[in-house]
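The values are calculated or read from the model by the stated rules, or taken from the named source; none is laboratory data. Because the structure is a prediction, the values reported are computed rather than measured. Glycine gets a Cβ as well: all are built from the backbone with ideal geometry, and neighbour counts include every protein chain shown. Side chains included, ligands, DNA and RNA excluded: accessible areas come from the protein's heavy atoms. Shrake-Rupley method; radii C 1.70, N 1.55, O 1.52, S 1.80 Å.
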Amino acid sequence: MTDSVAGMSYAIPEGWKANDGKDLIQAFTSSIATKGPDGRGGAVVLAGRGGPVEESALRQRTETSARSNAEFFYPDARTTLEESRATKVSGRSAYTVVLSVPDESGRTGRIRLTLVTRSSDQSAFLLGITMSPESTDSGEVDSVLADAALR
């Protein structure tokens, strides 16, 4: 998937479907998704762009954005921080945060957000959401985010 608005590209795993962005809320510019074997659950990866983020602020901004997305997708749920680390995307400074989030049905969702500084005036992100951390979907989401590239 090449997202020219966010300035990123990312892989579409086998069996996933791409969304051209027309049905997305304004915060996101493209997405891919898959459903669980029983038609429930599954996973989604969403891309988007944002304003400038200084390298020194990447951790704070990524953790805040991950929690904000958790509140949006899982209202009233408590999050648990699983991972928070600096990384690189196409040689640029980036940061990744992983949260686990129990939903109202008792299943645990997982949110993974990678935020990258594209330039002095733009950032980009990939947000992966899975319904169960034990599913193969979590591994596929991790791979999509890890292999993303700037364009």
Here the longest stretch of the chain that holds no GluC sites (Glu not before Pro) in a DSSP loop having at most 12 other beta carbon atoms within 10 Å is 55-103
So, relative contact order of segment 26-123 in percent, Cα under 8 Å, 6 or more apart, is 26
Per GNM of the chain with C-alpha springs under 10 angstrom, the most fluctuating residue out of 24, 99, 58 is 24
For the chain, longest principal axis from Cα atoms; helix 58-73 axis from its Cα atoms; angle between them, nearest 10 degrees, is 30
Of 90, 31, 56, the most mobile residue in a GNM of the chain (C-alpha springs, cutoff 10 Å) is 56
Computed over segment 6-107, protein heavy atoms only, probe 1.4 angstrom, the accessible area per residue in square angstrom equals 59
Expressed in square angstrom to the nearest 10, the accessible area of residue 61 with a 1.4 Å probe stands at 100
The whole-number value in µm²/s of the Stokes-Einstein translational diffusion coefficient for the chain, with Rh from the Kirkwood sum over alpha carbon pairs at 25 °C and 0.890 mPa s, is 161
For the chain, the longest principal axis of the Cα atoms and the Cα long axis of helix 136-146 enclose an angle in degrees, to the nearest 10, of 0
Of 70, 33, 18, the most mobile residue in a GNM of the chain (C-alpha springs, cutoff 10 Å) is 18
Computed for the chain: size of charge dipole around the Cα centre, +1 on C-beta of each Lys and Arg, -1 on C-beta of each Asp and Glu, debye to nearest 20, value 320
Whole-percent carbon and sulfur contribution to the accessible surface of the chain (1.4 Å, no ligands, DNA or RNA) stands at 46
Applied in sequence order to segment 117-129, the curve 6.51 cos²θ - 1.76 cosθ + 1.60 (Karplus, θ = phi - 60°) yields integer Hz couplings, x standing for Gly and Pro, of 7, 7, 7, 5, 10, 8, 10, 9, 8, 10, 10, x, 10
